[in-house]
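> Take this structure, written in structure tokens, and hold onto it; I'll ask about it next.
The values are calculated or read from the model by the stated rules, or taken from the named source; none is laboratory data. Just so it is clear, the model here is predicted, and its values are computed rather than measured. In this analysis, Cβ positions are derived from the backbone assuming ideal geometry, glycine residues included, and neighbour counts consider all displayed protein chains. The protein model used for the area step is the full one, side chains on, heavy atoms only, and it has no ligands, DNA or RNA in it. Shrake-Rupley method; radii C 1.70, N 1.55, O 1.52, S 1.80 Å.
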Amino acid sequence: MTCKAYRAAILHSIADPAEVGIEASYEYFADGLLVVDNGQIKAVGPASELLGTLAADVAVTEYKDALITPGFIDTHIHFPQTGMIGAYGEQLLDWLNTYTFPCENQFADKAHADEVADVFLKELLRNGTTTALVFGSVHPQSVDALFEAAQHLDLRLIAGKVMMDRNAPDYLTDTAETGYSESKALIERWHGKGRLHYAVTPRFAPTSTPEQLTLAGKLLGEYPDVYLHTHISENLQEIEWVKSLFPERKGYLDVYDHYQLLGERSVFAHGVHLCDEECARLAETGSAVAFCPTSNLFLGSGLFNLPMAEKHKLNVGLGTDVGAGTSFSLLNTLNEAYKVMQLQGARLDPFKSLYLATLGGARALRLEDKIGNLQPGSDADFLVLDYNATPLMSYRLKQSKNIAETLFVLMTLGDDRTVQQTYAAGNLVHQR
Ligand code: GUN
Ligand code: ZN
């Protein structure tokens, strides 16, 4: 692939605002240049400095009235739930039984999984998401379908088959043994292939027997660089159920801790009702939490306490949690995240939001050397966001005084329409 350059306003996070303050957390070039070579970022900086360093044959694409950012990172989403977003009326446990399990059953059919994988990845890219941590269904072929489609597009993607051997319909359960052996076969087949990674994916504590959780821990021991992806403390009834199923454990997190599922590549979705002690333990083990505001509001689960997570220096990424979440857009998700903070009397600074959707997600996934920012050497996964995406956005941004205000308006009014181009590994993978 030849060297190419892109000229526009450029913004990326370089640190967590909670650690370094707002001003030191980002780099902004009002007239910037992003130089891409062989799928990686070669340079980023002011156009005035970099243009003169380019070889004469390097094509420069200029985007007017637009902002280049890193691709967004969705740290929690369910691929088989694409077709059931916006399912009416229930909270978590009834929602699972009424809508989710019947929908996921369709993924026993590989042809159906192939079809949805295509829709799902297109939707991610339309919304500017270049990396996601993804739940499959219990069927290994659902994960094959997704990885095959992602490989075709050369995306960086993490996924796993659900392990679930109790408290779900018979048509949708594996066993402790098959959950282990099928996951192992998928790891051997896909983990580390191109930009693909595997996540061991027990659905949540209530749907796995102690035997299955033990074997999930065994897989992590056997493959230290695979991920662990599950749910935790999303809903109050769910938490009571976990206590009744595992009465010998101190609480929900202690169940996962007991089966050795915490660690630097472990991502727990939601954590709405975690206590101080649990946040401390997650942080101590290097585990991460996926904050999923549209889902938490849609299912009436509760309000994630981001300041508490920050106090414990816990790694937090942003998740859409589609299909309980109501949008594939991380811009839209940040709009709801802001409101979740407002309801708790807290502020979500736009640069913290940018961090959550990019570098924070990359850190949660331990991929910050590859994605989440535009430092030289990173994968060339980036977006062109259009300031004129809608008439209202165009009009509103004309009043904007600085990049902080522009960024906040992009997050408040923005969605898939805002994403003009998506690039993955230097390839144009979505053009609005
Ligand atoms: N907990 C267990 N399974 C699920 C799921 O599919 N979605 C959500 N939001 N929570 C869960
Ligand atoms: Zn989920």
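Here's the yes/no breakdown for (1) surrounded by fewer than 17 Cβ atoms within 10 Å (Cβ to Cβ); (2) within 16 Å of ligand 2 (Cβ to nearest atom); (3) more than 21 Å from the chain's Cα centre (by Cα):
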{"position": "Gly89", "(1), (2), (3)": "yes, no, yes"}
{"position": "Ala108", "(1), (2), (3)": "yes, no, yes"}
{"position": "Asp118", "(1), (2), (3)": "yes, no, no"}
{"position": "Leu124", "(1), (2), (3)": "no, yes, no"}
{"position": "Asn127", "(1), (2), (3)": "no, no, no"}
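> Let me ask you something else. Got a number for residues in the range 238-274 being touching a residue at least 40 places away in the same chain (Cβ under 8 Å), away from ligand 2 (no atom under 16 Å from the Cβ) and acidic (Asp, Glu)?
1
> Step by step: first the residues of the range 275-316, then only those that are polar (S, T, N, Q) and assigned to a loop (DSSP other than H, G, I, E, B), then the one that is nearest to ligand 2 (Cβ to nearest atom). Which residue is that? Steps first, please.
Quick first cut of the range 275-316, residues polar (S, T, N, Q) only: 285, 287, 294-296, 301, 305, 315.
Filter once more, so that each one left must be assigned to a loop (DSSP other than H, G, I, E, B): 285, 287, 301, 305.
On the way: Thr285: 21, Ser287: 16, Ser301: 11, Asn305: 18 Å.
Filtering the range 275-316 for residues that are polar (S, T, N, Q) and assigned to a loop (DSSP other than H, G, I, E, B), the one nearest to ligand 2 (Cβ to nearest atom) comes out as Ser301.
For (1) of a type in the set (Asp, Glu); (2) crowded, with 24+ Cβ neighbours inside 10 Å; (3) within 16 Å of ligand 1 (Cβ to nearest atom), each residue gets a yes or a no:
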position	(1), (2), (3)
Thr326	no, no, yes
Leu343	no, no, no
Leu359	no, yes, no
Gly372	no, yes, no
Gln375	no, no, no
Ala380	no, yes, no
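> Kindly indicate whether Asn373 is touching a residue at least 40 places away in the same chain (Cβ under 8 Å), touching a helix residue (DSSP H, G or I) at 6+ places or on another chain (Cβ under 9 Å) and part of a helix (DSSP H, G or I).
On the way: touching a residue at least 40 places away in the same chain (Cβ under 8 Å): yes; touching a helix residue (DSSP H, G or I) at 6+ places or on another chain (Cβ under 9 Å): yes; part of a helix (DSSP H, G or I): no.
So Asn373 fails the test.
> What is the residue count in the range 401-427 for residues that are of a type outside the set (Asp, Glu) and open to solvent by 30 Å² or more (accessible area, probe 1.4 Å)? Spell out the reasoning first.
In the first step, residues of the range 401-427 are kept if they are of a type outside the set (Asp, Glu); the result is 401-404, 406-414, 417-427.
Going one step further and asking which of them are open to solvent by 30 Å² or more (accessible area, probe 1.4 Å), we end up with 401-402, 404, 408, 412-413, 417, 420, 427.
Number satisfying all stated conditions: 9.
> While we're here: Do you know which residues across the range 139-185 are over 23 Å from the mean Cα position of the chain (by Cα) and either aromatic (Phe, Trp, Tyr) or at positive phi (or both)?
Listed by number, the residues that qualify are Asn167, Tyr171, Tyr180.
> Hey, can you tell me all the residues within the range 175-199 that are open to solvent by less than 20 Å² (accessible area, probe 1.4 Å), part of a strand (DSSP E or B) and free of Cβ contacts under 8 Å to residues at least 60 places away in the same chain?
Leu196, Tyr198
> Run Glu238 past the list (1) more than 18 Å from Trp95 (Cβ to Cβ); (2) within 13 Å of ligand 1 (Cβ to nearest atom); (3) out of contact with any Gly (no Cβ under 8 Å at 6 or more places or on another chain); (4) not aliphatic (A, V, I, L, M) and report the number of the one that doesn't hold.
Result: Glu238 passes all but (1).
> While we're on this one: Looking only at the range 282-323, count every residue that is within 15 Å of ligand 1 (Cβ to nearest atom), over 14 Å from Asp74 (Cα atoms) and of a type in the set (Gly, Ala, Ser) and tell me the total.
Total meeting the criteria: 3.
> Condition first: over 29 Å from Leu383 (Cα atoms), assigned to a helix (DSSP H, G or I) and open to solvent by 20 Å² or more (accessible area, probe 1.4 Å). Now tell me which residues in the range 152-174 satisfy that.
Asp170, Tyr171
> Being within 30 Å of Asn167 (Cα to Cα), at pLDDT 95 or above and not charged (D, E, K, R) narrows it down to one of Leu11, Leu96, Leu50, so name that one.
Numbers: Leu11 fails: within 30 Å of Asn167 (Cα to Cα); Leu50 fails: within 30 Å of Asn167 (Cα to Cα).
Unique residue meeting the criteria: Leu96.
> I need the full set of residues from the range 332-351 which are farther than 22 Å from Val322 by Cα, in contact (Cβ under 8 Å) with a residue 60 or more places away in the chain, part of a helix (DSSP H, G or I) and out of contact with any strand residue (DSSP E or B) (no Cβ under 9 Å at 6 or more places or on another chain), in order please.
Selection gives Pro350 alone.
> Of all residues in the range 317-330, count the ones that are within 11 Å of the chain's Cα centre (by Cα) and within 12 Å of ligand 2 (Cβ to nearest atom).
Here the count works out to 4.
> Also, quick follow-up: Please name all residue pairs, on different chains or six or more residues apart, with Cβ atoms under 6 Å, provided the first residue is in the range 221-237 and is modelled with pLDDT of 95 or more and the second residue is away from ligand 1 (no atom under 16 Å from the Cβ) and in a loop (DSSP other than H, G, I, E, B).
Once the first residue is modelled with pLDDT of 95 or more and sits in the range 221-237, its partners that are away from ligand 1 (no atom under 16 Å from the Cβ) and in a loop (DSSP other than H, G, I, E, B) give Val226/His191; Tyr227/Arg265.
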